[in-house]
Amino acid sequence: MKELRIAIIGCGMISHRHMTVIQNLNKRGHNLKVVAAAEIDKEKLLAWGKQYGIAEENLYQDFREMLKRDDIDEVEVCVHNNLHTSVATAVMAAGFPCYSEKPMAASYADAKILYDAQKKYGQKLAIQISSIYNPQTRIAKKMIAEGKLGEIYHVRSVGHRRQGRPGYDMPFFSRDFIDPNVGVHGPLFDLGIYHIAQMLYVLGMPELESVYGFQSSRYWTHPAIDKITNRTAPVEDLGVGMARFKGDICMDIYEDWAIHMEDIGCTFIAGSLGGLKFTDVDQTGGPMAVPEGGQIMGGGDLQKPRLTYYGINEDNQLFTTQLDCALTDTYGLQESLIHPELDLYNDNQLQWYSYLRGILTDETRIDSPYIAMQTALLSEGVVLSNELGRSVTVDEIKKMAKSIAIRDQETPFGTIHYDFDEYKPE
Ligand SMILES: NC(=O)c1ccc[n+]([C@@H]2O[C@H](COP(=O)([O-])OP(=O)(O)OC[C@H]3O[C@@H](n4cnc5c(N)ncnc54)[C@H](O)[C@@H]3O)[C@@H](O)[C@H]2O)c1
């Protein structure tokens with residue numbers, strides 16, 4: 001396999017997961033080489049280079065200098081939410097394919113700008129959404145397409161942490177998660193995107209009609225709870241919503257980072273013939289993201305996605321079946337031994353590299369930019385509805401969406417100006 005030459009922008013927490021996946025794939029002969037990296041924080045950059053054996057001349061504080069190189073095949077963007085559109089469009093404008101972290105952007109308008117940049121610059125793009133690259137999602141999607149659940153009418157998209165605000169209760173995460181200009185939003189855009197995207201994808205991308213949403217930071221602002229940020233709650237700690245789709249399907253959404261509650265249930269799909277419960281949706285990146293003998297980065301334990309199938313047979317007997325997506329410790333192992341080609345659908349990064357190499361095409365890869373953009377549309381609906389105190393139609397969301405991505409970033413070496421398109425509502 002020909003060497004694929006990779007550059008990384010942003011040497012923070014998630015960049016280490018990218019590196020772990022690269023190292024694990026190389027053990028399987030994928031011939032990936034990280035040739036350069038950029039990070040505005042010089043100390044962090046040098047430490048990162050040392051950790052991965054990348055010489056100082058290949059390390060850049062200003063990523064724009066790195067993009068002048070002609071020996072890079074693709075660039076992985078590991079900066080924070082409100083910089084995704086800024087940096088990823090700059091990468092594509094400079095002539096490189098780009099794989100960017102989730103969420104696609106901190107607003108629908110910016111997700112759309114990034115989506116359109118693929119065509120504008122003629123470059124390939126993928127967005128990290130680990131929840132859709134695993135056997136749990138694949139099995140559910142197939143069952144729904146085959147009509148095993150009958151007509152789908154209700155979907156619940158759920159994520160919960162009892163007290164887990166990144167960069168706050170979880171100090172090993174960067175404070176950018178809760179910076180209103182950088183992370184911008186709370187759990188809905190952080191964890192919520194994994195669940196919403198998974199549901200949209202397994203349902204075959206239903207067409208959104210309207211959204212009612214509510215967001216709160218009431219937990220955060222209680223003086224007994226918040227002793228640090230002086231009751232200012234930089235971003236929300238709760239996001240809930242109800243979305244309606246064409247075909248009389250509704251999805252309720254529930255995402256919290258902190259709530260005085262233990263068990264708030266999990267994601268499920270209800271159809272006229274059957275139901276599916278999703279346990280342990282993958283937000284950590286699957287087995288390829290586990291370092292040798294180590295603990296998975298930032299995401300706690302390796303998740304082992306499972307499905308429970310509820311149905312009724314011809315004799316009117318109710319049945320419940322556990323569909324084991326975790327046949328061994330490395331989930332999906334048996335499946336991929338029999339069908340090794342399915343491996344390309346079990347990992348975000350492997351799918352991306354296979355798409356770049358032409359092993360997968362626009363038709364055979366999962367269209368993560370489109371799924372991520374539709375997820376952003378729904379999430380934006382929750383934000384807008386919360387602001388207006390009423391439900392919003394999809395046309396209103398598209399019309400009222402505003403670009404908020406960072407256009408001027410202050411860095412230790414001066415201001416980076418990002419020059420990307422204005423948002424044009426359809
Ligand atoms: N941490 C996780 O477990 C995790 C998991 C999945 C996805 N993500 C996503 O990854 C993104 C980054 O998260 P993180 O936890 O790695 O944050 P982080 O703050 O640890 O890392 C981001 C890095 O980007 C650097 N940076 C900012 N602007 C830059 C620029 N112009 N050029 C080069 N470097 C720049 C920052 O200095 C920082 O070191 C977020 O969007 C997050 O949603 C994170």
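Miscellaneous remarks
- Test for residue 99: is it crowded, with 24+ Cβ neighbours inside 10 Å, in the same structural domain as residue 37 (by TED's automatic domain parsing) and either within 14 Å of the ligand (Cβ to nearest atom) or among the aliphatic types (A, V, I, L, M) (or both): yes
- Answer residue from region 162-198, given it is part of a helix (DSSP H, G or I) and more than 13 Å from the chain's Cα centre (by Cα) and is nearest to the ligand (Cβ to nearest atom) among those: 176
- Among the residues of region 202-209, none qualifies, meaning not one is at pLDDT below 95 and either touching a Cys at 6+ places or on another chain (Cβ under 9 Å) or assigned to a loop (DSSP other than H, G, I, E, B) (or both).
- The residues listed here are 197, 140; of these, the one that is over 25 Å from residue 108 (Cα atoms) and buried (at least 18 other Cβ atoms within 10 Å of the Cβ) is 140.
- Residue ranges of helices (runs of 4 or more DSSP H) in region 344-426 with at least 2 members surrounded by fewer than 19 Cβ atoms within 10 Å (Cβ to Cβ): 368-388, 394-400
- Meets criteria (surrounded by fewer than 18 Cβ atoms within 10 Å (Cβ to Cβ) and modelled with pLDDT of 95 or more) for residue 26: yes
- Residue among 87, 91, 75 that is of a type outside the set (Lys, Arg) and assigned to a strand (DSSP E or B): 75
- Exactly one residue out of 329, 282, 301 is touching a Lys or Arg at 6+ places or on another chain (Cβ under 9 Å), within 16 Å of the ligand (Cβ to nearest atom) and either in a loop (DSSP other than H, G, I, E, B) or at pLDDT 90 or above (or both): that is 282.
- Only one entry in 399, 424 is away from the ligand (no atom under 11 Å from the Cβ) and either polar (S, T, N, Q) or at pLDDT 95 or above (or both), namely 399.
- Residue 312 meets all of the listed conditions (1) within 16 Å of the ligand (Cβ to nearest atom); (2) over 19 Å from residue 141 (Cβ atoms); (3) free of Cβ contacts under 8 Å to residues at least 40 places away in the same chain but one, namely (1).
The values are calculated or read from the model by the stated rules, or taken from the named source; none is laboratory data. These figures come from a predicted structure and were not determined experimentally. Every residue, glycine among them, receives a Cβ derived from its backbone with ideal geometry; neighbour counts consider all protein chains shown.
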